[in-house]
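Enquirer: There's a structure below that I have some questions on.
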Amino acid sequence: MKKNKTLSIDVCFLIASSIKKSYQKLAETYAAIEPPTWALLLAQSCRSVGNKVSIIDANAENLSDEEVFTRVKNLNPKIVCLVVYGQNVNAGTTNMRGAVDITNYLKAKNIKCPIAFIGSHVQALPIDTLKNEKNIDIVFTNEGVYSLRNLLKLDVFSAEALEEIKGIAYRRDKEIIINLPERVVPTEKMDIDLPGYAWDLLPYKNRPLDLYRSPMWHAEYDFKKRSPYASLQTSLGCVFKCDFCMINLINRNDNEEIGVAGKYSNMRFWSPDFIIQEFDKLINMGVNTIRIVDEMFLLNPKYYVPLCEKLAERNKDDKLRMWSYSRIDTVKRPEILKLVRKAGIKWLCLGIESGDKSVRLEVAKGKFEDVDVRDVIKKVHDADIEVMANYIYGLPGDTKETMKKTYDLSVELCTSGWNTYAAMALPGSQLYKNAIEKNYKLPDSYEGYSFHSYETQPLPTATLKPEEILDYRDKSFKNYHTNKSFLNKIEKKFGKKAIDNIKEMAKVTLKRKILDNRL
């Protein structure tokens, strides 16, 4: 038998295993396994200009460190690029633990090529990352499309050569250098410079995308409907500046030491004619369970209306099972909801955030149009669209009374999906910068930024301690998912199997360090 030849490629995109550390026992069965959307976009972008690329998804394949090392060694890449975003758009920092661990392992095994990181944490804290993680060679300070292309043109990765690459930070001897910023891909060049997804590079067992699984609620609480699963974006960024969010770091266009997402609010779009081709690829592969990752899908009708019309033409048999995000104040018109439903979007993920108007408006910096939440949810339900309602406990101004008000509203709305987090100072958010200035206790580890981890460390409010907020959040999760009205609704909509699965999920108790320390 012939020995496998060692390949030589330009860049290996590596997604580290991290789900177990972030989700505790939920990781075994219930947590989603998300396709690495940004790695797929970068891989296709690099291929479009002639680079040889590969993707190793250790998270999907559950690879050991040694297996990752063997694959990287055989690929012999010019550079290894860790793509470190979260399954939740706000959760990139939580995946840093797994990414740093595999980087340290590869360096210990004498991988010689540079190791670069791209993701929300390094975009927020490029200098801090390089100070703390000695085995990371390069970090990208925004989305990295043009920076990576220019990096791959280099013959050597000397400090002198790296000086010419905009949009990166790196070391020169013991000094950390952050270069001038690089531009992001403008809307008029999205179809050209981010030309789709490298779906063919993803691993699978029996059929494409079968190693990925949707959230339970997206699959109507039916395990069999969770795979194959895909996620893709039709736009990038967001026009709003919510204090708790950091997704706009992808648009970063400065080289300050700490990035704050609210400074980079901007949206860019692929054309509907171009992006429908990506949906067609997925549909032809037999993938019907699809997440539209855009933070603001239903915002600009110039883009979402023609795309939904095209999707509706492909969804005559109503087999598509998709979900997308939207703000609660942008979902009003019944005719739009009717089109959205025809397109196969059966769930809308809505950020209600708080049941208290003053808390909600403060955190959105006045950009949140006040609406009748009950009326909006009714209109969505009337259109035969289910709602995944997102709430946040512990926002500035929250008290025990306002948190209860939020929970009581959620029970009244009785949405088929329910998700609540304790407010976190996520790197890149305004809340993070505020926490630094107020000297609040921040997490001691990357996994401490995970909403579900043992080490999680939420923010306090003027009247509430972090442990009070977290305790109320965890109890609310169990209370909602065992609530009789909710379970009756689920059984009527999705059947008894669905409520049996929900009851089992509700039995999982997350361990919390700050609650243990309270005892």
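The values are calculated or read from the model by the stated rules, or taken from the named source; none is laboratory data. Owing to the predicted nature of the structure, the values given are computational and were not obtained by experimental measurement. Note that each Cβ is placed from the backbone with ideal geometry, even for glycine, and that neighbours are counted across all protein chains shown. Only protein heavy atoms, including side chains, enter the accessible area calculation; ligands, DNA and RNA are left aside. Shrake-Rupley method; radii C 1.70, N 1.55, O 1.52, S 1.80 Å.
Enquirer: Quick check: anything in the range 419-433 within 30 Å of ASP101 (Cα to Cα) and either modelled with pLDDT of 95 or more or among the β-branched types (Val, Ile, Thr) (or both)?
Expert: yes
Enquirer: If you don't mind, another one. Please verify whether ASN150 is of a type outside the set (Lys, Arg), surrounded by fewer than 21 Cβ atoms within 10 Å (Cβ to Cβ) and more than 20 Å from ALA425 (Cα to Cα), treating the condition exactly as stated.
Expert: So ASN150 passes the test.
Enquirer: OK, next. Identify, by number, the condition in (1) closer than 25 Å to ALA91 by Cβ; (2) buried (at least 21 other Cβ atoms within 10 Å of the Cβ); (3) touching a residue at least 40 places away in the same chain (Cβ under 8 Å) that GLY167 doesn't meet.
Expert: Only one criterion in (1) closer than 25 Å to ALA91 by Cβ; (2) buried (at least 21 other Cβ atoms within 10 Å of the Cβ); (3) touching a residue at least 40 places away in the same chain (Cβ under 8 Å) is unmet by GLY167, namely (3).
Enquirer: If you don't mind, another one. In the range 296-321, how many are surrounded by 20 or more Cβ atoms within 10 Å (Cβ to Cβ) and in a helix (DSSP H, G or I)?
Expert: 5
Enquirer: Give the residue that is least open to solvent (accessible area, probe 1.4 Å), with candidates limited to residues of the range 496-519 that are within 14 Å of MET216 (Cβ to Cβ) and in a loop (DSSP other than H, G, I, E, B).
Expert: Out of the qualifying residues, it is VAL508.
Enquirer: Considering only residues of the range 74-88 that are open to solvent by 40 Å² or more (accessible area, probe 1.4 Å) and outside any helix (DSSP H, G or I), which is farthest from LEU154 (Cα to Cα)?
Expert: TYR85
Enquirer: Within the range 223-262, how many residues are without any contact (Cβ under 8 Å) to a residue 12 or more places away in the chain and under 20 Å from the mean Cα position of the chain (by Cα)?
Expert: 0
Enquirer: Counting just the residues of the range 235-281 that are open to solvent by 40 Å² or more (accessible area, probe 1.4 Å) and outside any loop (DSSP other than H, G, I, E, B), which one comes out nearest to HIS121 (Cα to Cα)?
Expert: Across the range 235-281, the extreme among qualifying residues is LYS263.
Enquirer: Could you identify the single residue in TYR197, TYR221 that is buried (at least 20 other Cβ atoms within 10 Å of the Cβ) and within 28 Å of VAL139 (Cβ to Cβ)?
Expert: Of the residues listed, the single one that is buried (at least 20 other Cβ atoms within 10 Å of the Cβ) and within 28 Å of VAL139 (Cβ to Cβ) is TYR197.
Enquirer: Same structure, new question: If you go through the range 154-189 one residue at a time, how many are of a type in the set (Gly, Ala, Ser) and either under 30 Å from ASP273 (Cβ atoms) or in a loop (DSSP other than H, G, I, E, B) (or both)?
Expert: 2
Enquirer: Report, by residue number, each residue of the range 206-227 that is in contact with a helix residue (DSSP H, G or I) (Cβ under 9 Å, 6 or more places away or on another chain) and either of a type in the set (Asp, Glu) or in a loop (DSSP other than H, G, I, E, B) (or both).
Expert: Within the range 206-227, PRO208, LEU209, LEU211, TYR212, SER214, MET216, GLU220, TYR221, ASP222, ARG226, SER227 meet the criteria.
Enquirer: Something else: Tell me which residues, restricted to the range 476-495, are in a helix (DSSP H, G or I) and within 29 Å of the chain's Cα centre (by Cα).
Expert: SER476, PHE477, LYS478, ASN479, TYR480, HIS481, PHE486, LEU487, LYS489, ILE490, LYS493, PHE494
Enquirer: Of the residues TYR454, TYR449, only one is within 24 Å of GLY262 (Cβ to Cβ) and at pLDDT below 95; which?
Expert: One residue alone meets the criteria, TYR449.
Enquirer: Considering only residues that are in contact with a Phe, Trp or Tyr (Cβ under 8 Å, 6 or more places away or on another chain) and of a type outside the set (A, V, I, L, M, F, W, C), which ones fall in the range 196-214?
Expert: GLY196, PRO208, ASP210, TYR212, ARG213, SER214
Enquirer: Which of (1) open to solvent by 10 Å² or more (accessible area, probe 1.4 Å); (2) over 24 Å from PRO77 (Cα atoms); (3) of a type outside the set (D, E, K, R) does ASN135 not meet, given it meets every other one?
Expert: So ASN135 meets the others, but not (2).
Enquirer: A follow-up question, please. Where in the range 93-152 are there helices (runs of 4 or more DSSP H), lying fully within it, with 3 or more residues that are of a type in the set (Val, Ile, Thr) and closer than 22 Å to GLU447 by Cβ?
Expert: Output list reads 96-108.
Enquirer: May I pose another question? Let me spell it out: the conditions are (1) within 24 Å of HIS121 (Cα to Cα); (2) of a type in the set (Lys, Arg); (3) touching a residue at least 24 places away in the same chain (Cβ under 8 Å), and ARG207 meets all of them except one. Which number is the exception?
Expert: Of everything listed in (1) within 24 Å of HIS121 (Cα to Cα); (2) of a type in the set (Lys, Arg); (3) touching a residue at least 24 places away in the same chain (Cβ under 8 Å), ARG207 misses just condition (1).
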